[in-house]
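Written below as structure tokens is the structure these notes are about.
The values are calculated or read from the model by the stated rules, or taken from the named source; none is laboratory data. What you see is a predicted model, and the numbers here were worked out from it, not measured in a lab. For neighbour counting, all protein chains shown are included, and Cβ atoms are generated from backbone atoms with ideal geometry for every residue, glycine included. Quick note on the areas: whole protein, heavy atoms, side chains included, nothing else; ligands and nucleic acids left out. Shrake-Rupley method; radii C 1.70, N 1.55, O 1.52, S 1.80 Å.
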Amino acid sequence: MARVPAGLRWVPPLERGLGAIVELAASVLVVVEVIVLFAGVVSRYVFHEPLTWSDELASTLFIWLAMLGAVIAVRRNEHMRMTALVGMCQPEKRAFLDALALAAALAFMVLIADPAIEYAMEESYIVTSALGISGSWRASAFPTGIALMMVFAVLQLGAHTKRAHALGALALTVALLGLFWLIGPSFKALGNYNLLIFFVALVAAGVLAGVPIGFSFALATFGYIALTTRVPTMVVVGRMDEGMSHLILLAVPLFVFLGLLIEMTGMARAMVQFLANLVGHVKGGLSYVLIGAMYLVSGISGSKAADMAAIAPALFPEMTKRGAKPGELVALLSATGAQTETIPPSIVLITIGSVTGVSIAALFTGGLLPGFVLGIVLCLVVRRRYSHDDLSGVVRATRHEIARSCIVALPAIALPFIIRAAVVEGVATATEVSTIGIVYAVIVGLIVYREFKWHRILPMLIETAALSGAILFIIGAASAMAWGLTQSGFANTLKNAMIGLPGGAFTFMAVSIVAFIILGSVLEGIPAIVLFGPLTFPIAQAVGIHEVHYAMVVILAMGLGLFAPPFGVGYYAACAIGRVPPDEGMRPIWGYMLALLIGLIVVAAVPWISIGFL
């Protein structure tokens with residue numbers, strides 16, 4: 001970090017003061033969301049008096065939480081980036097690329113600021129049905145968040161970056177924007193070749209240069225809309241807003257917070273200790289624990305970020321003590337994230353059911369065994385990689401220790417089953433059920449484990465907001481990109497191409513696997529499913545593929561793409577949670593990805609794995 005110039009000594013106090021206000025506001029929003037949703041569950045299920053306004057209020061507050069979280073991520077430099085190439089550069093070049101990444105993000109903020117204000121003004125004419133308030137209360141979160149991100153970006157460039165790097169990065173960014181604006185008219189004649197220019201070449205250039213993933217997506221989408229279509233750029237704001245604020249995504253921050261609670265209260269440690277006592281004495285034992293724990297905890301949230309946030313802090317320190325390298329840890333964490341995409345109550349399962357009409361109960365039943373099969377192939381890789389482990393210093397747990405750790409872990413192990421039962425029995429939705437988990441974790445932490453640390457609550461709330469904001473900003477940008485692809489006619493082209501494939505079900509399944517791996521890496525799971533699910537599922541049924549079987553294959557393929565670098569945003573989420581630079585996990589992850597691909601092929605070839613228990 002560059003030394004603060006004498007004339008800018010006032011900047012750090014201003015940044016700290018403004019940052020504290022934003023962090024406090026975001027923390028309060030997390031708490032209020034928990035209260036509102038839990039009150040809705042209690043009122044509906046216990047008193048049989050639904051709160052008609054709870055979902056509307058939660059949705060309004062959620063977009064504010066997402067935007068303020070994105071602001072905190074900008075201030076803390078926690079937006080997900082691909083730094084494999086940047087990390088190989090000399091310190092001076094690396095510092096310049098860091099400044100360029102910030103300048104590129106700032107460029108998007110400047111470009112989107114006016115459309116964001118226009119969008120908020122347009123929404124002011126809408127009155128909400130339950131609360132009866134103007135839609136501008138909700139929509140103004142976007143321009144407010146953009147303005148605050150601009151402030152922190154400018155403060156960082158001015159006070160924490162060398163002047164030469166800051167000026168050079170800004171000049172290069174302005175020059176590139178000017179070049180695209182000058183040649184803009186020629187883009188309209190290129191037709192769908194613009195998809196390659198903006199959504200492949202431009203995104204790849206931004207990601208590899210270290211520009212935050214979400215801002216790379218957003219810049220490419222804004223450029224595509226502004227330079228190749230006549231659609232007003234305000235639409236980009238609307239699509240990002242819609243993508244970030246879908247109520248089902250409220251499960252992300254709430255389950256991230258639940259994951260932090262599980263770690264803080266000792267629940268995660270109790271579960272992991274029990275599993276470690278069972279298999280910790282074998283070679284690669286804690287890696288098996290990681291795979292098993294992710295399978296178990298995935299039933300808590302359905303949010304991969306939340307799952308990883310719950311497990312990584314409990315396992316990584318001990319695995320590091322036993323000699324595991326950080327890159328290996330984050331590679332396995334990413335692989336288990338892809339492995340457990342089908343474990344209910346997965347948000348992707350719920351999304352598929354909502355957009356395709358497939359029974360969510362059938363999807364929940366069908367999702368357990370495919371995840372188990374992929375867990376087996378990961379265990380085989382772990383066995384091979386850790387076959388030469390030195391366990392001379394590891395003491396095998398006695399039966400008494402195993403039994404005692406099982407009893408201690410029971411309240412923690414019960415949590416996934418309580419949450420799954422609440423969803424299946426209709427007590428709460430997949431979003432609301434997170435609040436049941438939070439309340440349960442607080443009670444268990446206070447009464448059973450007695451490790452509830454009140455002084456950690458505020459930092460946990462801030463961390464929840466920052467991590468959620470970074471993830472949701474990527475989802476919002478991916479949603480806008482998905483809309484751009486729809487408008488280009490790419491979706492219809494894909495549909496026609498798949499219908500005309502020779503070879504029937506076999507070829508269609510093979511092409512679907514490849515297509516959804518690519519889509520999962522570019523679009524993120526939910527936007528890809530919303531965009532292509534209604535197109536591909538009828539084709540699958542027409543060629544004789546069971547809809548639940550096809551759903552499992554599609555989800556696992558998207559999971560593979562989502563967690564495979566360099567474009568898979570899930571991989572960067574794992575790196576952010578594990579606090580490991582992304583380039584360290586690049587090499588070890590490919591063995592796990594190959595194993596997952598083999599497991600995916602097995603699931604695709606054997607329909608019984610997905611539909612045998614329906």
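Given labels modelled 7 Å from the Cα in the Cβ direction, how far is it in nm from LEU247 to ASN496?
Once both label points are built, they end up 3.9 nm from each other.
Quick check: Cα centre of the range 535-585 to Cα centre of the range 332-362, how many Å?
10
Which of the lysines could be linked to LYS304 by a straight reach, that is with a Cα gap under 26 Å, when you skip same-chain ones fewer than 8 residues away?
Candidates past the 8-residue exclusion: LYS321, LYS325, LYS453.
So how much slack lies between THR229 and CYS406, counting 0.36 nm per residue of separation and subtracting their Cα-Cα distance, in nm?
Details: separation 177, 0.36 × 177 = 63.72 nm, distance 6.08 nm.
The span from THR229 to CYS406 would gain 57.6 nm if fully extended.
Which entry in (i) 23.8, 75; (ii) 24.5, 81; (iii) 31.0, 109 matches Rg and Dmax of the Cα atoms in Å derived from the coordinates of this structure?
(i)
For the chain, with only Lys/Arg (+1) and Asp/Glu (-1) charged at the beta-carbon, what is the dipole magnitude about the Cα centre, in debye rounded to 20?
It works out to roughly 1520 debye.
For VAL46 and THR320 in one chain, what is 0.36 nm times their gap in residues minus the Cα-Cα distance, to one decimal in nm?
On the way: separation 274, 0.36 × 274 = 98.64 nm, distance 4.62 nm.
Extending this stretch completely gives an extra 94.0 nm.
What are the residues whose amide H is under 5 Å from the amide H of GLY210, where those residues sit 5 or more places off or on another chain and H is modelled from the backbone?
Placed amide hydrogens put MET82 under 5 Å from GLY210.
At what distance in angstrom do the alpha carbon centres of the range 57-96 and the range 459-492 lie from each other?
Taking the Cα centre of each part, the range 57-96 and the range 459-492 sit 13 Å apart.
Kindly report the accessible area of the chain per residue (heavy atoms of protein chains, probe 1.4 Å, no ligands, DNA or RNA), in Å².
About 41 Å² of surface per residue is accessible.
Calculate the spin-label point distance for VAL32 paired with LEU368, positioning each point 7 Å from the Cα along the beta-carbon direction, and give it in nanometres.
4.0
Please compute the modelled spin-label separation between VAL511 and LEU380, points set 7 Å along Cα→Cβ, answer in nm with one decimal.
A separation of 2.9 nm, rounded to one decimal place.
Considering only protein heavy atoms, with the full assembly of protein chains and a 1.4 angstrom probe, order LEU247, LEU172, LEU260 by accessible area, largest first.
My answer, sorted largest first, is LEU172, LEU247, LEU260.
Could you tell me the distance between the Cα centroids of the range 312-327 and the range 147-168, to the nearest Å?
Between the Cα centre of the range 312-327 and that of the range 147-168, the gap is 35 Å.
Ignoring ligands, DNA and RNA, what percent of the 1.4 Å accessible area of the chain is carbon and sulfur?
Values: 16990 of 24980 Å².
For the chain, the apolar C and S fraction of the accessible surface comes to 68 percent.
Could you give the length gained by full extension between SER359 and SER59, i.e. 0.36 nm per residue of separation minus their alpha carbon distance, to one decimal place? Intermediate results must be reported in sequence, preceding the final value.
Details: separation 300, 0.36 × 300 = 108.00 nm, distance 2.54 nm.
The SER359-SER59 span can extend by a further 105.5 nm.
Helices from the chain with mean Kyte-Doolittle at least 1.6 and a Cα length along the axis of 15 Å or more, per DSSP H: which? Write down the numbers at each step before the final one.
Working: long enough: 11-45 (51 Å, 1.52); 54-75 (31 Å, 1.34); 91-123 (46 Å, 0.78); 141-159 (27 Å, 1.81); 163-182 (28 Å, 1.62); 213-228 (22 Å, 1.63); 234-245 (17 Å, 0.43); 251-264 (19 Å, 2.28); 267-279 (19 Å, 1.27); 285-301 (24 Å, 1.55); 304-321 (25 Å, 0.39); 326-339 (20 Å, 0.72); 368-385 (26 Å, 1.65); 399-424 (35 Å, 1.33); 433-443 (16 Å, 2.25); 457-488 (46 Å, 1.44); 504-523 (27 Å, 2.32); 525-542 (24 Å, 1.47); 547-562 (22 Å, 1.69); 586-605 (29 Å, 1.86).
Once both thresholds are applied, what remains is 141-159, 163-182, 213-228, 251-264, 368-385, 433-443, 504-523, 547-562, 586-605.
Test of the criteria: in the range 57-134, which chymotrypsin sites (Phe, Trp or Tyr not before Pro) are in a DSSP loop and have at most 15 other Cβ atoms within 10 angstrom of their Cβ?
Working: sites: PHE62, TRP64, PHE96, PHE108, TYR119, TYR125; in loops: TYR125.
Here the chymotrypsin sites (Phe, Trp or Tyr not before Pro) that fit, given the DSSP loop and packing criteria, are TYR125.
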